[in-house]
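**Student:** Pasting a structure below so you can have a look.
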Amino acid sequence: MKPKLFDIHSHLNFRDFDKDREDVIRRMQENGIWTICVGADKKTSQECVELAEKYENIFASVGLHPTDSDEKFSVDYYRELAKHQKVMAIGECGLDYYRIKNKELRIKQKDLFKQHIELALELNKPLMIHCRDAHNEVLEILNSYSHCYSHSHLRGNIHFFSGAWEQAQKYFDLGFSISFAGPITFTNQYDEIIKNAPIDKIMIETDSPFAAPAPYRGKRNEPAYVVEIAKKLAEIKNSSLEKIIEQTTRNAKEVFII
Ligand SMILES: [Zn+2]
């Protein structure tokens, strides 16, 4: 089975899908959609691995979200989970200064992020990065590992990209990609970045169940809607939908080595 469309970031394990998860996954299968189910703590990371075990078109990413500060990062636990052959990335990890203003908690986030980077380097897996209002700090931390770039191949993706064009360029220079979600269908805030970004550096995602794209805005999101993000990219980049789908799927397979 080959993917037609690749939704590189979703949370199919969330309770929002408990009543009809099988139907949601069937709609994905009918449309040739693959996804990476992304964990945000121990429990959800484990759930993502279980879904990946059960369905051919679902993969997993494991990690501790920066705002999930109640849980202590147990590196042994995540290392064991990440050894599973369908775990394609470490995360979501990163920095979220939008929700967290407290200085000490921000330092704690940086520390946690570094632990994820070190695990990704150790296992040679890409990072699934979450970042809000802290792109310069994320870039600074990634740069501090620049000595690791050649031999261990530090790499990954900035999901739900919300930064500026200058920051996107810096990520590209480090070999990272960025992905876009529902908001690009109802705000033109990212149009310039999308226009400028090299086509081999961008991917598409839903972040289901959140942030549904138009025309589903306000409803529960699901991976089958990822085609709406692809349509919008095609429109902004003045390209065909087929080309965008083909290229973003190829990028996803390359970044996550599937
Ligand atoms: Zn997410």
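The values are calculated or read from the model by the stated rules, or taken from the named source; none is laboratory data. Just so it is clear, the structure is predicted and the values come from calculations on it, not from any experiment. Here the Cβ positions follow ideal geometry from the backbone for every residue, glycine too, while neighbour counts run over all protein chains shown.
**Student:** For residues in segment 176-206 being surrounded by fewer than 23 Cβ atoms within 10 Å (Cβ to Cβ) and more than 15 Å from W165 (Cα to Cα), which is nearest to the ligand (Cβ to nearest atom)?
**Tutor:** Applying the filter and picking the extreme gives P183.
**Student:** Can you work out which of the residues in segment 1-19 that are within 16 Å of the ligand (Cβ to nearest atom) and over 18 Å from the mean Cα position of the chain (by Cα) is surrounded by the most Cβ atoms within 10 Å (Cβ to Cβ)? Lay out the reasoning, then the answer.
**Tutor:** Quick first cut of segment 1-19, residues within 16 Å of the ligand (Cβ to nearest atom) only: 6-17.
Filter again for over 18 Å from the mean Cα position of the chain (by Cα), leaving 15-17.
Working: R15: 8, D16: 17, F17: 20.
So the residue we want is F17.
**Student:** Within segment 50-66, can one find any residue that is in a helix (DSSP H, G or I), under 14 Å from F256 (Cβ atoms) and in contact (Cβ under 8 Å) with a residue 40 or more places away in the chain? Even if it seems obvious, please write down each step before you answer.
**Tutor:** Initial filter on segment 50-66 (in a helix (DSSP H, G or I)): 50-54.
Pick out the ones that are also under 14 Å from F256 (Cβ atoms) and you get 52.
After this cut, where a residue has to be in contact (Cβ under 8 Å) with a residue 40 or more places away in the chain as well, the list is none.
Checking segment 50-66: not a single residue is in a helix (DSSP H, G or I), under 14 Å from F256 (Cβ atoms) and in contact (Cβ under 8 Å) with a residue 40 or more places away in the chain.
**Student:** Of the conditions (1) free of Cβ contacts under 8 Å to residues at least 60 places away in the same chain; (2) touching a helix residue (DSSP H, G or I) at 6+ places or on another chain (Cβ under 8 Å); (3) not polar (S, T, N, Q), D20 fails just one. Which one is it?
**Tutor:** Going through the list (1) free of Cβ contacts under 8 Å to residues at least 60 places away in the same chain; (2) touching a helix residue (DSSP H, G or I) at 6+ places or on another chain (Cβ under 8 Å); (3) not polar (S, T, N, Q), D20 breaks only (2).
**Student:** Does A224 meet the test of being more than 16 Å from the ligand (Cβ to nearest atom) and either part of a loop (DSSP other than H, G, I, E, B) or of a type outside the set (D, E) (or both)? Reasoning before the result, please.
**Tutor:** Details: more than 16 Å from the ligand (Cβ to nearest atom): yes; either part of a loop (DSSP other than H, G, I, E, B) or of a type outside the set (D, E) (or both): yes.
For A224, the condition - more than 16 Å from the ligand (Cβ to nearest atom) and either part of a loop (DSSP other than H, G, I, E, B) or of a type outside the set (D, E) (or both) - is met.
**Student:** Against the condition over 16 Å from the mean Cα position of the chain (by Cα), within 15 Å of the ligand (Cβ to nearest atom), modelled with pLDDT of 95 or more and not β-branched (V, I, T), how does E22 come out, does it pass?
**Tutor:** Numbers: over 16 Å from the mean Cα position of the chain (by Cα): yes; within 15 Å of the ligand (Cβ to nearest atom): no; modelled with pLDDT of 95 or more: yes; not β-branched (V, I, T): yes.
Against the criterion (over 16 Å from the mean Cα position of the chain (by Cα), within 15 Å of the ligand (Cβ to nearest atom), modelled with pLDDT of 95 or more and not β-branched (V, I, T)), E22 does not qualify.
**Student:** Test of understanding: among N221, N238, N196, which residue is of a type outside the set (D, E, K, R), over 14 Å from the mean Cα position of the chain (by Cα) and farther than 30 Å from A120 by Cα? Even if it seems obvious, please write down each step before you answer.
**Tutor:** Values: N221 fails: farther than 30 Å from A120 by Cα; N196 fails: farther than 30 Å from A120 by Cα.
Of N221, N238, N196, the one residue that is of a type outside the set (D, E, K, R), over 14 Å from the mean Cα position of the chain (by Cα) and farther than 30 Å from A120 by Cα is N238.
**Student:** Of all residues in segment 48-82, which are out of contact with any strand residue (DSSP E or B) (no Cβ under 6 Å at 6 or more places or on another chain) and either buried (at least 21 other Cβ atoms within 10 Å of the Cβ) or not acidic (D, E) (or both)?
**Tutor:** Going residue by residue through segment 48-82, those that are out of contact with any strand residue (DSSP E or B) (no Cβ under 6 Å at 6 or more places or on another chain) are 50, 53-56, 64, 68-77, 79-80.
Passing the criteria: K54, Y55, L64, S69, K72, F73, S74, V75, Y77, R79.
**Student:** In segment 28-49, which residues are among the hydroxyl-bearing types (S, T, Y) and touching a residue at least 40 places away in the same chain (Cβ under 8 Å)? Write out each step before concluding.
**Tutor:** Of all residues in segment 28-49, those among the hydroxyl-bearing types (S, T, Y) come to 35, 44-45.
Within segment 28-49, T35 is the sole residue that qualifies.
**Student:** Take F113 and decide whether it is more than 19 Å from K72 (Cα to Cα) and at pLDDT 95 or above.
**Tutor:** Details: more than 19 Å from K72 (Cα to Cα): no; at pLDDT 95 or above: yes.
Taking the combined requirement at face value, the residue does not satisfy it.
**Student:** A further question follows. Scan segment 25-45 residue by residue and report those that are within 16 Å of the ligand (Cβ to nearest atom), of a type in the set (S, T, N, Q) and either at pLDDT below 95 or assigned to a helix (DSSP H, G or I) (or both).
**Tutor:** Listed by number, the residues that qualify are T44, S45.
**Student:** Just wondering, is there one or more residues in segment 205-221 that are at negative phi and outside any loop (DSSP other than H, G, I, E, B)?
**Tutor:** Going residue by residue through segment 205-221, those that are at negative phi are 205-206, 208-210, 212-217, 219-221.
Adding the requirement that they be outside any loop (DSSP other than H, G, I, E, B) leaves none.
No, segment 205-221 contains no residue that is at negative phi and outside any loop (DSSP other than H, G, I, E, B).
**Student:** Also, I was wondering about something else. Of everything in segment 59-74, what is among the hydroxyl-bearing types (S, T, Y) and either on the phi > 0 side of the Ramachandran plot or away from the ligand (no atom under 14 Å from the Cβ) (or both)? Give them in sequence order. Lay out the reasoning, then the answer.
**Tutor:** From segment 59-74, those among the hydroxyl-bearing types (S, T, Y) are 61, 67, 69, 74; that's our starting set.
Those that are among the hydroxyl-bearing types (S, T, Y) and either on the phi > 0 side of the Ramachandran plot or away from the ligand (no atom under 14 Å from the Cβ) (or both): S69, S74.
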